[in-house]
Amino acid sequence: MTTAPDGGAPAVPSRDAPDPAGDPAPVALAVDIGGTKMAAGLIDREGRLLVHRRAPTPRGASAEDLWATLVGVVDEVRVAGRDVDASEPTVCGVGCGGPMTAGGRTVSPVNIAGWRGFPLQPAWPSSPACPRWWTTTPRR
């Protein structure tokens with residue numbers, strides 16, 4: 001990791017700097033857990049949406065069926081990313097319409113009864129995943 005000349009905050013690489021290895025630019029996996037839909041997309045470092053997929057959130061479904069829906073959407077996005085030569089995600093952001101504990105450890109979407117205290121972060125490694133987590137929950 002490089003630092004600023006004054007020894008302060010880390011320097012940020014230029015967005016326009018070519019990748020010396022010739023690999024595709026890094027992308028983020030964005031995940032939206034909502035009462036009506038579950039969605040995912042790949043975002044490049046310029047903020048462009050490269051691919052996205054969505055599926056209706058199954059009403060009254062079990063935690064396992066809800067998880068299967070989310071994993072299906074994420075897997076579809078990762079496969080579609082290959083079609084546009086996107087790299088594998090290096091970071092993941094998750095939005096949830098309800099409480100989320102630090103690091104996305106558990107989620108409790110207010111409109112998804114089957115996911116009260118669902119262990120999202122611990123479940124993630126059981127499917128293709130990102131190596132790092134970045135979580136956000138809207139503040140009201």
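The values are calculated or read from the model by the stated rules, or taken from the named source; none is laboratory data. Note that the structure is predicted; figures quoted are calculated from it, not measured. Here the Cβ is made from the backbone with ideal geometry for all residues, glycine too, and neighbour counts use every protein chain on show. Keep in mind that these areas ignore ligands, DNA and RNA; they rest on the heavy atoms of the full protein, side chains included. Shrake-Rupley method; radii C 1.70, N 1.55, O 1.52, S 1.80 Å.
Brief remarks follow.
- Spin-label model, Leu49/Val91: points 7 Å from Cα along the beta carbon direction are separated by 2.0 nm.
- Restricting region 27-107 to trypsin sites (Lys or Arg not before Pro) in coil, as DSSP defines it, with at most 16 other Cβ within 10 Å: Arg45, Arg48, Arg59, Arg105
- For region 38-119, fraction of C-alpha pairs farther apart than 19 Å, in %: 42 percent
- Rolling a 1.4 Å probe across the protein heavy atoms gives region 24-79 an accessible surface of 49 Å² per residue.
- Accessible surface comparison of Ile43, Ile33, probe 1.4 Å, protein chains only, largest first: the order is Ile43, Ile33.
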